[in-house]
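Trainee: Below you'll find the structure I mean.
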Amino acid sequence: MSIGPDCVVTFHYRLSQVDGAELETSQQGEPLAYLHGHGNILPALEQAMAGHEPGDRFSVTLPPEQAYGQRRENAQQRVPIKHLQFKGKLRAGMAVKINTDHGARDVRIVKLGRFTADVDTNHPFAGMSLSFEVEILGVRAASAEEVAHRHVHGPGGHQH
């Protein structure tokens, strides 16, 4: 089965900057799973996945406009520390998540106060061209429930 609308795709990836510096990988952990055609991964990466089959390996490089966008210089906010999700001790430069009305969002700590933090709301990879090395592990038809919920259930997906 090849990747198309309403397919559940499981894959491993390696994400790096175009100079080869690795940013993330799933190789030592569980593969990722997503529901194709429902906006669950970067649109340009999803487009590059279309038509591939289990066992396929490919690379794709995305410019910032197709990845996480250009950096915005005016993207700093002061927020109460209680709205941040983190482990350990907060420090400047640390990547954390902030609770918003639209779910958790990645931010980076710029400056810490006693009760507040100045955060950069740009995605940590904003402004970067990104290279993905992808290995397709599995493709299956999504269940009616997965399509209705617009995400994958079970391993690699939501557990509800």
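Bear in mind these aren't lab numbers, they're just calculated from the coordinates by the rules spelled out. Fair warning: this is a prediction, and the values are worked out from it, not measured in the lab. Heads up, the Cβs are rebuilt from the backbone with ideal geometry, glycines too, and the neighbour counts pull from every protein chain shown.
Trainee: When the chain is fully extended, how far beyond the present Cα-Cα distance does Ser59 get from Arg105, taking 0.36 nm per residue of separation?
Mentor: Numbers: separation 46, 0.36 × 46 = 16.56 nm, distance 2.69 nm.
My answer for the length gained is 13.9 nm.
Trainee: Could I ask something else about it? State, as an integer percentage, the relative contact order of the chain based on alpha-carbon contacts under 8 Å between residues 6 or more apart.
Mentor: The normalised contact order for the chain reaches 34 percent.
Trainee: Quick one: the Cα spread of region 23-76 along its three principal axes, in angstroms, biggest first?
Mentor: Dimensions of region 23-76 along the principal axes of its Cα atoms: 43, 26, 20 Å.
Trainee: When Rg is the radius of gyration of the Cα atoms in region 30-134 and Rh is its Kirkwood radius, what does Rg/Rh come to?
Mentor: My calculation puts Rg/Rh at 1.05.
Trainee: Calculated FRET efficiency, Gln77 and Gln17, Cβ-Cβ r, R0 35 Å, to nearest 0.05?
Mentor: The value I calculate is 0.85.
Trainee: Sticking with this one: Determine the calculated [θ] at 222 nm for the chain from helices alone, applying -39500 (n - 2.57) to every DSSP H run no shorter than 4 residues and normalising by the residue count; nearest 500 deg cm²/dmol.
Mentor: -2000 deg cm²/dmol
Trainee: Hey, can you grab everything whose amide H is under 5 Å from the amide H of Thr25? Only 5+ residues off in sequence or another chain; H modelled, so Pro and N-termini drop out.
Mentor: Here Leu15 satisfy the definition.
Trainee: A further question on this structure: What distance in nm lies between label points placed 7 Å from Cα along the C-beta direction at Arg150 and Asn40?
Mentor: With each label point 7 Å from Cα toward Cβ, the separation is 1.3 nm.
Trainee: Would you mind calculating the gained length between Arg114 and Ser26 on full extension (0.36 nm times residue separation, minus the Cα-Cα distance), in nm to one decimal? Walk me through the numbers before you get to the answer.
Mentor: Values: separation 88, 0.36 × 88 = 31.68 nm, distance 3.60 nm.
This chain segment gains 28.1 nm when fully extended.
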